[in-house]
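Data first, discussion second: the structure below is written as structure tokens.
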């Protein structure tokens with residue numbers, strides 16, 4: 001008997017950070033770093049970094065909705081980045097680092113829109129939420145060295161100074 005899984009795709013700055021968060025969530029089967037939302041087929045990291053392909057660095061998440069809901073994933077996404085930053089997260093600047101939700105169904109579209117509206121109304125942020133909401137297009141998995149980056153490179157500077165504090169702040173295992 002096979003499990004019914006769903007996909008969720010989120011962009012919130014560097015994909016290493018977002019992947020490190022979702023890799024730890026029970027019910028997430030996989031979280032793959034990659035590129036979505038652009039015009040170039042099979043883009044490379046170097047091409048995406050130019051900001052000229054239109055892609056966002058993103059994470060495609062396969063999850064079991066019986067263990068973790070899409071709404072729970074959205075809540076984690078909001079905690080994992082600053083949705084008021086237009087085309088940047090911290091020192092990562094460019095359209096490839098935009099905040100975006102790429103929905104895979106009309107139900108996800110409705111849930112994501114409601115989540116954005118709820119977050120904006122909450123008063124948590126003074127600035128407006130600038131997260132892009134768009135239908136999922138083709139997702140291109142990033143090069144192998146980008147997958148499980150935090151797990152494989154915990155001692156790297158970016159991991160120590162950016163990813164680790166984010167995980168700690170969220171109450172996840174650093």
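Readers should treat all values here as calculations from the given coordinates under stated rules, not as data from a laboratory. Keep in mind that this is a model prediction, so the values were computed, not measured. Virtual Cβ from ideal backbone geometry, glycine too; neighbours counted across all protein chains shown.
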- line: Among (1) over 23 Å from residue 118 (Cα atoms); (2) surrounded by fewer than 19 Cβ atoms within 10 Å (Cβ to Cβ), residue 96 falls short only on (2)
query: Before we move on, is residue 59 surrounded by 14 or more Cβ atoms within 10 Å (Cβ to Cβ) and over 20 Å from residue 8 (Cα atoms)?
result: no
- line: Taking the stretch 117-146 and keeping residues under 12 Å from residue 83 (Cβ atoms) and in contact (Cβ under 8 Å) with a residue 24 or more places away in the chain leaves 119, 125, 127, 128, 129, 130, 131, 132, 133
- prompt: Within the stretch 111-155, which residues are assigned to a loop (DSSP other than H, G, I, E, B), under 19 Å from residue 89 (Cβ atoms) and in contact with a helix residue (DSSP H, G or I) (Cβ under 8 Å, 6 or more places away or on another chain)?
  reply: 125, 128, 129, 131, 142, 153
field: Residues (over 15 Å from residue 8 (Cβ atoms) and surrounded by fewer than 11 Cβ atoms within 10 Å (Cβ to Cβ)) located in the stretch 103-127
entry: 121, 122, 123, 126
- request: For the stretch 1-110, please list each of the helices (runs of 4 or more DSSP H) lying entirely inside it that holds at least 3 residues being touching a residue at least 60 places away in the same chain (Cβ under 8 Å) and within 14 Å of the chain's Cα centre (by Cα).
  value: 15-22, 70-80
